[in-house]
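Beneath this line is the structure, given in structure tokens, with notes to follow.
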Amino acid sequence: MERREAVKYISILLGGAVIGAEAFLTGCKTKTGSTTDWTAEDVAYLNEIGETILPRTSTPGAKDANVGQFMTVMVNDCYVEADQKAFREGLDKLNDASDKKFSKNFMSITPQQRTELLTEIDREAKEYQKKVGEFNSAENKKEKDEIAKGNKGYVKQHMAPHYFTMMKQLTLLGFFTSEQGMTKAVRYLQVPGRYEGCVPYKKGDKVIV
């Protein structure tokens, strides 16, 4: 799936803009000067989070597409510094939530427990994102008003998204732009199937409009 189409698809699917999408589409790095040194353990951890979000069934899952590695690159190259920080801290918060609920870190709990935990956190993230949207919309308006007044040096404030929102978006984006996602799971076709302009109709056939 082509990058722009994947971003559009995920935006519709999750009902919100994909964080870091502009940098991802243009192939540019964010100009924050901030990078995180990721370990093999971090990548494995992110792969397991991704696999819980998008597990392997009869088709490949997130881990088959190595979405953990994709996430580390996206966070370093396409996220602003505040979002990078929120994402990185989210790894610890997720482990804390797992320890609180199951007395074990995320990597030590069962797949069923992981699903239960992430389902709860997903609900939390959706509520949090409503506040993020309201705050950032107000800041965008304030920036526009300040510029209209001639204050071109105004720097708007930014409220970082919930860490799980970023993890979920990156899991889907990494998967659907991977070879596994394109060729095996989605069976994406560059050209639509054949158009049937005239189909014989028999009395009693159901028509969906």
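The values are calculated or read from the model by the stated rules, or taken from the named source; none is laboratory data. Quantities reported herein were computed from a predicted structural model and do not represent experimental measurements. Here the Cβ is made from the backbone with ideal geometry for all residues, glycine too, and neighbour counts use every protein chain on show. These area figures cover heavy atoms from the full protein model, side chains too; ligands, DNA and RNA do not enter into them. Shrake-Rupley method; radii C 1.70, N 1.55, O 1.52, S 1.80 Å.
Peptides 90-99, 135-144, 66-75 ranked from most to least packed, by the mean per-residue count of other Cβ atoms within 10 Å: 66-75, 90-99, 135-144. Legend: residue pairs 100/126; 101/141; 101/142; 8/104; 93/144; 63/142, Cα-Cα distance threshold 31 Å; pairs beyond threshold, 101/141; 101/142; 8/104; 93/144; 63/142. Remark: spin-label model distance residue 37-residue 152 equals 4.1 nm, labels positioned 7 Å along the Cα→Cβ axis. Note on residue 77 and residue 25: their simple-model spin labels are 1.7 nm apart, each label 7 Å out from Cα toward Cβ. For 168, 8, the ranking by accessible surface with the largest value first comes to 8, 168, using a 1.4 Å probe. Here is the result for region 82-111: no chymotrypsin sites (Phe, Trp or Tyr not before Pro) lie in DSSP coil with at most 10 other C-beta atoms within 10 angstrom of their C-beta. Here residue 152 is the anchor, and the aspartates and glutamates within straight C-alpha reach of less than 14 Å, apart from those fewer than 8 places off in the same chain, are 143. In order along region 62-72, phi translates into HN-Hα couplings of 4, 5, 4, 8, 6, 5, x, 5, 4, 4, 5 Hz, rounded to whole numbers, per the Karplus curve 6.51 cos²θ - 1.76 cosθ + 1.60 with θ = phi - 60° and x for Gly and Pro.
Taking the alpha carbon gyration tensor of region 18-152, what are the square roots of 5 times its eigenvalues, largest first, to the nearest whole Å?
Result for region 18-152: semi-axes of 32, 19, 14 Å.
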